[in-house]
Structures are given as structure tokens and as C-alpha cells.
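One structure below.
The values are calculated or read from the model by the stated rules, or taken from the named source; none is laboratory data. The structure displayed is predicted, hence computed values, not measured ones. Neighbour counts run over all protein chains shown; Cβ positions are idealised from the backbone, glycine included. Please note that ligands, DNA and RNA were not included when accessible areas were found on the heavy atoms of the full protein model with its side chains. Shrake-Rupley method; radii C 1.70, N 1.55, O 1.52, S 1.80 Å.
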Amino acid sequence: MVYETDEFTAVCPWTGLPDFARLTIRYVPGRSLVELKSLKYYLTSYRNVGILQEHAINRILTDLVALLEPVSMTVEAEYRERGGIKTKATAKYKKKE
């Protein structure tokens, strides 16, 4: 399964400025799939959250792994350029055998 959005937004906790990213979630499902409308509302909930870019990606991975119990999952965000710097954050999970 692959889910992508260009509309992921969170807020920098230090400056209060928005961080915009292209978010990609890839996973091999276990027994469960995430319903798209629920995923949309979950991701939208970050719009007013003051959180560092890396922490946002780690939290999304942790939440989705706890909910779905996938075989493997990767959450990746390509943040738009700010201050001349482009950021790409990736978090991965693989179920222990």
C-alpha cells in the first residue's frame, strides 16, 4: 500500500511558521488497512501542532504501527524549502520475526 499527499502541514515549535511537506506512507499490511478518510483526518490534525519535522514523522510511524500492526512501514516527508534548505525525513519499521 502507498499513500501520498502534498498537503501535510505542521508548525515549527520555535518560529510558529508552517512546515509544508509531501508525505508518503508505504507499508506491507498485516491484518488491517487504514481507511483513507480516517487517515486524512489524522494527518490534518497536525496542522496546528508545534512539532519538529523529524518528530512528526516518527510520531506518525509510531501511531500507524500501533494501529495497523504492519509487516513493514516507511513514512517519508519531503519538506518544502525554507531558508534555502530542503529537508527529507524518513522513519522505518520492520516487524521482528
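Things to note:
- Carbon and sulfur %, accessible surface of segment 50-97 computed with the full protein complex present, 1.4 Å: 47
- Rounded to 10°, Cα long-axis angle of helix 53-68 versus longest principal axis of the chain: 20
- Annotation note: GluC sites (Glu not before Pro) in segment 15-91 located in DSSP loop regions with a Cβ neighbour count of at most 10 within 10 Å are Glu35.
- With helices as the sole contributors, the chain gives -8000 deg cm²/dmol at 222 nm; each DSSP H run of n ≥ 4 counts as -39500 (n - 2.57), and the sum is divided by every residue.
- Under 26 Å of direct C-alpha separation, and excluding same-chain neighbours fewer than eight residues apart, Lys86 reaches these lysines: Lys40.
- Total formal charge among the other residues, if their Cβ is under 9 angstrom from that of Asp19, Lys/Arg +1 and Asp/Glu -1: +2
- Comparing Ala66, Ala77, Ala56 in a Gaussian network model of the chain where C-alpha atoms under 10 Å apart are linked, the largest mean-square fluctuation is found at Ala66.
- Looking at segment 40-97, the trypsin sites (Lys or Arg not before Pro) that sit in a DSSP loop and have at most 11 other Cβ atoms within 10 Å of their own Cβ are Lys96.
- Extreme residue, positive dipole direction of segment 10-97, given options Thr15, Met73, Leu43 (C-beta unit charges): Met73
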